[in-house]
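Okay, structure first, notes after.
The values are calculated or read from the model by the stated rules, or taken from the named source; none is laboratory data. Keep in mind the model is a prediction, meaning the values are calculated, not measured. Cβ placement follows ideal geometry from the backbone for every residue including glycine, while neighbour counts extend to all protein chains displayed. For accessibility, only protein heavy atoms count, side chains too; no ligands or nucleic acids. Shrake-Rupley method; radii C 1.70, N 1.55, O 1.52, S 1.80 Å.
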Amino acid sequence: MSLVEQLKTAAKEALAHLYPDTDIPVSAITINQTKTEFTGDYTLVLFPFLKLLRTKPDIIGNALGEYLANHTEFVQSYEIVAGFLNLTVKDTYWNDFLVQHYNDTSYGTGTANRQNVMVEYSSPNTNKPLHFGHMRNIFLGYAMSEILKTSGNNVTKANLINDRGIHICKSMVAWQHFANGATPETSGVKGDHLVGDYYVKFNNALNEELAPMLDELYSKGTVPEYLSDKDKIRLQEHLTQLSSAKNDDAIKGLKSDIKVLMSNYTSIQKEAQQMLLAWEAGDEATVNLWKTMNGWVYDGFDVTYKRMGVDFDKMYYESNTYLLGKEIVLKGLEKGLLYRKEDNSVWVNLEDEGLDQKLLLRADGTSVYMTQDIGTAILKYNDCNLDKSIYVIGDEQNYHMQVLQLILKKLGEPCADGIYHLSYGMVELPTGRMKSREGTVVDADDMIADMVDLARKQTEEAGKTEGFTEDELKELYETIGLGALKFYLLRVDPKKKMIFNPEESIDLHGFTATFIQYAHARICSILRKENIAKVPDSSAFADYRLTQALTPAEKKLIVTLEQYPEVMQQAANDYNPSLLCNYIFQLAQQFNSFYDAHSIAKAENEEKKQLRLMIIVMTAQVMRHAMNTLGIRLPEKM
């Protein structure tokens, strides 16, 4: 039990004793760390009790403070400041804590509660390589998986691969037109990059074919005769709206819609659509090409995932799951939970839930994405008997995820209650947004290479390469570069949008992994000099007690170390790795302040030396535990 929890429990007991006619629950008691300008370690907020107890805050505070000082083993003194009760904890408590935990490698790991949790992340398309936009998703998903695992859950890391649909057909068509049989082996291009190149080539060819069609459309202002009757009506509506539109965004949106509509009449787009139909019909040649090109992409993904340091326990493929929801939808139709329109399409009515009506099966009986997601959600639930199914998906899909959960509830599926959308904001570069179809995306592989190179340049310019072999330097640059990238993307609350600045992410003096890595390396250097063998295991300190008071810097660092399990649990409860990032950065700052204030080698006496050695051993251990949970390595030398 953390000290805050002990203080809350003791405060509840004190209030029950002092005011027996009241019943104040632990949840109503707020305890925060005391602000640095005041005396004390923790502050109990008195204001919530005033109305209930009908007395002044000073009277409540004095009674509570007196009771806690006399009836607990850890409260030494108290002070009342404007409705707040500041409590000072005895040095013996901090000493006992340090002795018990300083070399505990599992410190921060929660008690197993055995909830079955699945975290689905990455979920790429197989028509292009992983790009920078995927990275926040991947690092967030991996970190949350590890945080939830550390907090005591059974966690399954899952990846749903979008390996079917018009997007992969576009790459396949372009490969047939332009590749001359090129493969990753013959071209020397990584498989996912090769397929992505042909996706870009497809869109270039599409735009080239489309440009004269659009020029003719806008110059004449008349709807082409070769369009279907339905598209003629749609296009005429768009042209009418375009003629009266005055807002630039409205004009841009209308022209974009017109471009999409007209693209369906290009020969290359028709070719891709025909290929999709051939794939769905099981055409052997089409399926074989699809398997071959997807295989290239999977091989490429594996290389990138390995370099990122992330992994998965289960892989799901949309080519296997896209029809699963159809059976569920038809059963819902039979039960009267869904309805069929005159054109034979199947819909769900969510108007009672404040939304609208949603298509689940097209008139020809084929599934839409929502139907596919219904089936996959149920499959995942049944596979792992899930208590919680977490989807790491960008905030542009907030509405889609809300609808998915509502439909599953309406269908009476037990998986619905456990669905949680871990929504995150878009990440951009200083140069702006990226578009994969236009080939302006920064590939994940290129971003990693750039960050590693940035780490190399920074280390060489600082003149800190002495004493390393070439292999050690190579590993160090990888550790620093990838650590900077991951930490920067995780340090921001997932709900917020962000801009990634490579130079800022690796700043040795900033809110960065590099700062933390350097603090850890500094501790390791101290321990090498002082000889770690001088620090005995905890059994040797079974009856050890301090005879001298803790200095402010010593105590501040121990207090922060004691809070670590609580921070880890809070990060799990809030699905927010940034809480862990903020904590570990603060710990590194406090270590630096501690070390600047105190000598270890020239400590006042042996007792102080051993105490400070224990403090930094535990600080390094907590740093490693926390950063490992985030997927970030810490070097022992920098």
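See the values below:
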item	result
All positions within region 599-632 that are part of a loop (DSSP other than H, G, I, E, B) and surrounded by fewer than 19 Cβ atoms within 10 Å (Cβ to Cβ)	Ser599, Ala601, Lys602, Ala603, Glu604, Asn605
Given (1) in a helix (DSSP H, G or I); (2) in contact with a Gly (Cβ under 9 Å, 6 or more places away or on another chain); (3) of a type outside the set (S, T, N, Q); (4) open to solvent by less than 70 Å² (accessible area, probe 1.4 Å), index of the condition Lys170 fails	(2)
Region 121-161, subset open to solvent by 20 Å² or more (accessible area, probe 1.4 Å) and of a type in the set (Lys, Arg), residue nearest to Gln397 (Cα to Cα)	Lys128
Meets criteria (in contact (Cβ under 8 Å) with a residue 12 or more places away in the chain, open to solvent by 40 Å² or more (accessible area, probe 1.4 Å) and among the basic types (Lys, Arg)) for Lys497	yes
Some residue of region 410-423 being in contact with a Ser or Thr (Cβ under 6 Å, 6 or more places away or on another chain) and either among the aliphatic types (A, V, I, L, M) or not in a loop (DSSP other than H, G, I, E, B) (or both)	yes
Residue identified as open to solvent by 40 Å² or more (accessible area, probe 1.4 Å) and of a type in the set (Val, Ile, Thr) among Thr88, Thr105	Thr105
Only one of Ile251, Ile233 that is surrounded by fewer than 17 Cβ atoms within 10 Å (Cβ to Cβ), in contact with a helix residue (DSSP H, G or I) (Cβ under 8 Å, 6 or more places away or on another chain), of a type in the set (Val, Ile, Thr) and in a helix (DSSP H, G or I)	Ile251
Residue that is surrounded by the most Cβ atoms within 10 Å (Cβ to Cβ), among those in region 108-120 that are more than 18 Å from Gln621 (Cα to Cα) and of a type in the set (Val, Ile, Thr)	Val119
Close pairs (6 angstrom Cβ cut-off, 6 or more residues apart or separate chains): free of Cβ contacts under 8 Å to residues at least 40 places away in the same chain and under 22 Å from Met144 (Cα atoms) in region 401-427, part of a helix (DSSP H, G or I) and among the hydroxyl-bearing types (Ser, Thr, Tyr) anywhere	Cys415/Tyr381
Qualifying residues in region 296-327 (those that are at pLDDT below 95 and open to solvent by less than 30 Å² (accessible area, probe 1.4 Å)) - the one farthest from Asp163 (Cα to Cα)	Gly325
Residue match in region 501-522 (condition: of a type outside the set (S, T, N, Q), in contact with a Ser or Thr (Cβ under 6 Å, 6 or more places away or on another chain) and modelled with pLDDT of 60 or more)	yes
One residue from Leu355, Leu360, Leu350 being in contact (Cβ under 8 Å) with a residue 40 or more places away in the chain and surrounded by fewer than 16 Cβ atoms within 10 Å (Cβ to Cβ)	Leu355
Failed item in (1) surrounded by 17 or more Cβ atoms within 10 Å (Cβ to Cβ); (2) over 28 Å from Asn159 (Cβ atoms), with Glu413 passing the rest	(2)
Given (1) in contact with a strand residue (DSSP E or B) (Cβ under 7 Å, 6 or more places away or on another chain); (2) part of a helix (DSSP H, G or I); (3) not hydrophobic (A, V, I, L, M, F, W, C), index of the condition Thr156 fails	(2)
Hey, Thr629 modelled with pLDDT of 95 or more, under 27 Å from Tyr42 (Cβ atoms) and β-branched (Val, Ile, Thr) or not	yes
Within region 141-188, tally of residues that are acidic (Asp, Glu) and touching a residue at least 40 places away in the same chain (Cβ under 8 Å)	2
Test result for Tyr199, in contact with a His (Cβ under 6 Å, 6 or more places away or on another chain) and at negative phi	no
Hey, Gln33 of a type outside the set (Gly, Ala, Ser), at pLDDT 90 or above and in contact with a Lys or Arg (Cβ under 7 Å, 6 or more places away or on another chain) or not	no
Among residues of region 329-347, those that are of a type outside the set (S, T, N, Q) and either touching a His at 6+ places or on another chain (Cβ under 8 Å) or open to solvent by less than 30 Å² (accessible area, probe 1.4 Å) (or both), counted	4
Selection within region 371-409 - surrounded by fewer than 18 Cβ atoms within 10 Å (Cβ to Cβ) and within 18 Å of Lys331 (Cβ to Cβ)	Leu379, Asn382, Lys409
Any hit, region 128-143, residues being under 10 Å from the mean Cα position of the chain (by Cα) and charged (D, E, K, R)	yes
Checklist (1) within 20 Å of Ala285 (Cα to Cα); (2) part of a helix (DSSP H, G or I); (3) open to solvent by 10 Å² or more (accessible area, probe 1.4 Å) applied to Arg164, failing item	(2)
Residue that is exposed (fewer than 12 other Cβ atoms within 10 Å of the Cβ) and modelled with pLDDT of 95 or more, where the choices are Ala281, Ala285	Ala285
The lone exception for Thr431 - which of (1) over 30 Å from Phe515 (Cβ atoms); (2) exposed (fewer than 15 other Cβ atoms within 10 Å of the Cβ) it fails	(1)
Residue within region 441-454 that is in contact with a helix residue (DSSP H, G or I) (Cβ under 6 Å, 6 or more places away or on another chain), of a type outside the set (Lys, Arg), assigned to a strand (DSSP E or B) and surrounded by 15 or more Cβ atoms within 10 Å (Cβ to Cβ) present	no
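Yes/no per residue for (1) of a type in the set (S, T, N, Q); (2) surrounded by fewer than 17 Cβ atoms within 10 Å (Cβ to Cβ); (3) assigned to a strand (DSSP E or B); (4) touching a residue at least 12 places away in the same chain (Cβ under 8 Å):
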{"site": "Thr39", "(1), (2), (3), (4)": "yes, yes, no, yes"}
{"site": "Lys51", "(1), (2), (3), (4)": "no, yes, no, no"}
{"site": "Leu64", "(1), (2), (3), (4)": "no, no, no, yes"}
{"site": "Ala69", "(1), (2), (3), (4)": "no, yes, no, no"}
{"site": "Ile80", "(1), (2), (3), (4)": "no, no, yes, yes"}
{"site": "Thr92", "(1), (2), (3), (4)": "yes, yes, no, yes"}
{"site": "Val99", "(1), (2), (3), (4)": "no, no, no, yes"}
